[in-house]
Amino acid sequence: MFCADDGSNRVGYFGRFLVLCVAALGIILSMTSATGCSFLQFKNNVRAPYSGLGEPFEGATEAYVGIFNYEVVAVDYDSVPEKCEGYPAGASFEVLIAARIVAVAAPIFAAIGVLITIVDTCFGHNISCFIASAFMYLIACGLQACTFVVYAEPTFCFEAPHNCSVGSAGVQSAFACIFYWICCTMTCCFPRPDPYREYRKNPEELRESRVKKIERTVTVEPDVQGGFTPEKLEEEKKKGGRKSRRKGKGSNGVSSELGTNQDNVDRVELNEKKFPDGSRQVDEVTFYKDGTRSVNTTRYGPGE
């Protein structure tokens, strides 16, 4: 399991909160866009009304076209009482059928992405959850963009002498599409925090697990030709003493050379790393003349 530091956790939780808020706004806009009447608006720009509109726009010279609802503003250039209502059973526009399918599917996929985001943030840290949530938002974005297939209906804008413009529901659909894309981007770009349930229960344990304590002893076979043995290495180290430590690059690293012996060992270096919790890690690296090296790593707790 990947574990973040405290700063990354805070940024990660904040990022997930933003994702959930933006996704919720996108879902709301998707629903209002689908149920609104003004996805597309057309106005007749000639004297006589276009005769090829069919039900329910027969004789209409100005009207709003929605995905599930519509509203006629003027019939034969005479204003009529504005009423947003559903399409009658006889109305048949193929693009509206396609638009209804994607208008329903887009918020569903976004809601699935929200659920996966909540589960991943609170309970688990499976990489499949992270990928699935971003993928759900991406699918929702694509489906929401497909609602603009309404403008492909030739009866409204292409064959008829109409001036077409985007209505308020169309603007809402565009913003919903943008919000879903933002959710996908933020899910991928913000750091992934630790599962909140585990972080709240055992913050210290998670902090300790971020840097694994590695203590291993490297066994070096004696070099028969040079007469080298591990015991002789210790003796040479005591004789040679330790040279003064030299600061390495950065504030968390210190590197020192301990000296060399006359046999198989070329040199020995100490690398010390300090961590924000006060602990430190010391790596003793032994370089041999044949090009190989061995590492002995020891982890010390705060104050040790």
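Taking the options Phe109, Phe123, Phe130, Phe135, name whichever one is touching a Ser or Thr at 6+ places or on another chain (Cβ under 8 Å) and either assigned by TED's automatic domain parsing to the domain that holds Pro161 or among the small types (Gly, Ala, Ser) (or both).
Phe130
For the range 266-304, how many residues meet the condition of being out of contact with any Pro (no Cβ under 8 Å at 6 or more places or on another chain), part of a loop (DSSP other than H, G, I, E, B) and touching a residue at least 40 places away in the same chain (Cβ under 8 Å)?
2
For Pro161, indicate whether it is under 15 Å from Leu20 (Cβ atoms) and in the same structural domain as Asp76 (by TED's automatic domain parsing).
No; evaluated as a whole, the condition is false for this residue.
So, in the range 65-122, how many residues would count as being among the β-branched types (Val, Ile, Thr) and free of Cβ contacts under 8 Å to residues at least 40 places away in the same chain?
Number satisfying all stated conditions: 10.
Evaluate the following for Gly142: is it surrounded by fewer than 19 Cβ atoms within 10 Å (Cβ to Cβ) and assigned to a helix (DSSP H, G or I)?
The answer is yes for Gly142.
Is it true that some residue in the range 156-163 is under 20 Å from Ala103 (Cβ atoms) and either more than 31 Å from the chain's Cα centre (by Cα) or modelled with pLDDT of 85 or more (or both)?
The answer is yes, given that some residue of the range 156-163 is under 20 Å from Ala103 (Cβ atoms) and either more than 31 Å from the chain's Cα centre (by Cα) or modelled with pLDDT of 85 or more (or both).
Under 9 Å by Cβ, and 6 or more places apart or on different chains, what pairs join a residue from the range 152-171 that is on the phi > 0 side of the Ramachandran plot with one that is assigned to a loop (DSSP other than H, G, I, E, B) and surrounded by 17 or more Cβ atoms within 10 Å (Cβ to Cβ)?
As it stands, the answer is none, since no pair meets every condition given.
Can you name the number of the only condition in (1) among the polar types (S, T, N, Q); (2) modelled with pLDDT under 85; (3) out of contact with any Asp or Glu (no Cβ under 8 Å at 6 or more places or on another chain) that Asn126 fails?
(3)
The values are calculated or read from the model by the stated rules, or taken from the named source; none is laboratory data. Note that the structure is a prediction, hence the values are computed from the model and not measured. Counting neighbours? That spans all protein chains shown, and the Cβs are built from the backbone with ideal geometry, glycine included.
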